[in-house]
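So the structure is just underneath, and the comments pick up after that.
The values are calculated or read from the model by the stated rules, or taken from the named source; none is laboratory data. What you see is a predicted model, and the numbers here were worked out from it, not measured in a lab. All Cβ positions, even for glycine, are placed from backbone atoms using ideal geometry, and neighbour counts span all protein chains on display.
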Amino acid sequence: MERILSQVREVLDDGTDKEQVMKKICELLHEEVDHYDWVGFYLVEDGELVLGPYVGEPTEHTNIDFGEGICGQAVESEETFLVDDVSEEDNYLACSLKVKSEIVVPIFRDDEIVGEIDIDSHEKEAFDKEDEELLGKISEEIGPML
Ligand code: SME
């Protein structure tokens, strides 16, 4: 985890363009962690979530209302939402039938929620406390620049 975090810090130190920084973080996470099959950012814009940089299959869910799907529930509760098996969620927006589990981690700037990191996996129960911790730290590091 430390190795990934130090790579993320390098990206943050080197970059000034936030779109590019987010894209590089997606690429890094997608490449470094086997069970991260789709990695993306959603940003809060005008009271909804708007898809930002991502790596993985294109998704039709480019704009998500607060409360809608896993992403919309996470932004509303301002808490990490970890789903072991997406087929058991009623309030879920499917991107691909291959996706089996998902984690969404909120990003704050000065205590205000500004976005989230969303990761899908093709394995059930792919995410645990370690992912939550890693992504929580990345979200803390990137929050001030968003
Ligand atoms: N599954 C998400 C939608 C976004 S995709 O995973 C890229 C949700 O239920 O909010």
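So that you can scan it fast, the table gives a plain yes or no per residue for (1) assigned to a loop (DSSP other than H, G, I, E, B); (2) out of contact with any Asp or Glu (no Cβ under 9 Å at 6 or more places or on another chain):
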{"site": "Asn91", "(1), (2)": "yes, no"}
{"site": "Ala94", "(1), (2)": "yes, yes"}
{"site": "Leu97", "(1), (2)": "yes, yes"}
{"site": "Ile103", "(1), (2)": "no, no"}
{"site": "Phe127", "(1), (2)": "yes, no"}
{"site": "Glu130", "(1), (2)": "no, yes"}
Please go through region 62-74 and give me each residue that is part of a strand (DSSP E or B) and within 7 Å of the ligand (Cβ to nearest atom), ordered by number.
Ile64
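Quick grid of which residues meet (1) of a type in the set (Lys, Arg); (2) within 20 Å of Glu133 (Cβ to Cβ):
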site	(1), (2)
Ser6	no, yes
Asp17	no, no
Lys23	yes, no
Leu29	no, yes
Ala74	no, yes
Are any residues in region 13-56 part of a helix (DSSP H, G or I), surrounded by fewer than 18 Cβ atoms within 10 Å (Cβ to Cβ) and touching a residue at least 40 places away in the same chain (Cβ under 8 Å), and if so, which ones?
Lys18
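In this structure, is Ile70 closer than 18 Å to Gly143 by Cβ, at pLDDT 95 or above and of a type in the set (A, V, I, L, M)?
Values: closer than 18 Å to Gly143 by Cβ: no; at pLDDT 95 or above: yes; of a type in the set (A, V, I, L, M): yes.
No: the conditions fail for Ile70.
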Cβ-Cβ under 9 Å pairs, at least 6 apart or on other chains, region 82-98 side of a type in the set (Asp, Glu), far side assigned to a loop (DSSP other than H, G, I, E, B) and away from the ligand (no atom under 12 Å from the Cβ)
Asp84/Lys124; Asp84/Glu125; Asp84/Ala126; Asp84/Phe127; Asp85/Lys124; Asp85/Glu125
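How about region 1-19: which of its residues are in contact with a Leu (Cβ under 9 Å, 6 or more places away or on another chain) and basic (Lys, Arg)? Write out each step before concluding.
Residues of region 1-19 in contact with a Leu (Cβ under 9 Å, 6 or more places away or on another chain): 1, 4-5, 7-8, 11, 18.
Matches in region 1-19: Lys18 only.
Here's the yes/no breakdown for (1) within 11 Å of the ligand (Cβ to nearest atom); (2) under 12 Å from the mean Cα position of the chain (by Cα); (3) closer than 18 Å to Asn63 by Cβ; (4) crowded, with 20+ Cβ neighbours inside 10 Å:
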site: Glu76; (1), (2), (3), (4): no, no, yes, no
site: Glu88; (1), (2), (3), (4): no, no, no, no
site: Ser101; (1), (2), (3), (4): yes, no, no, yes
site: Val104; (1), (2), (3), (4): yes, yes, yes, yes
site: Asp111; (1), (2), (3), (4): no, no, no, no
site: Glu116; (1), (2), (3), (4): yes, yes, yes, yes
site: Glu125; (1), (2), (3), (4): no, no, no, no
site: Asp128; (1), (2), (3), (4): no, no, no, no
site: Glu133; (1), (2), (3), (4): no, no, no, no
Thr59 passes all but one of (1) within 17 Å of Ser139 (Cα to Cα); (2) in a loop (DSSP other than H, G, I, E, B); (3) of a type outside the set (D, E, K, R); (4) near the ligand (Cβ under 9 Å from one of its atoms); which number fails?
(1)
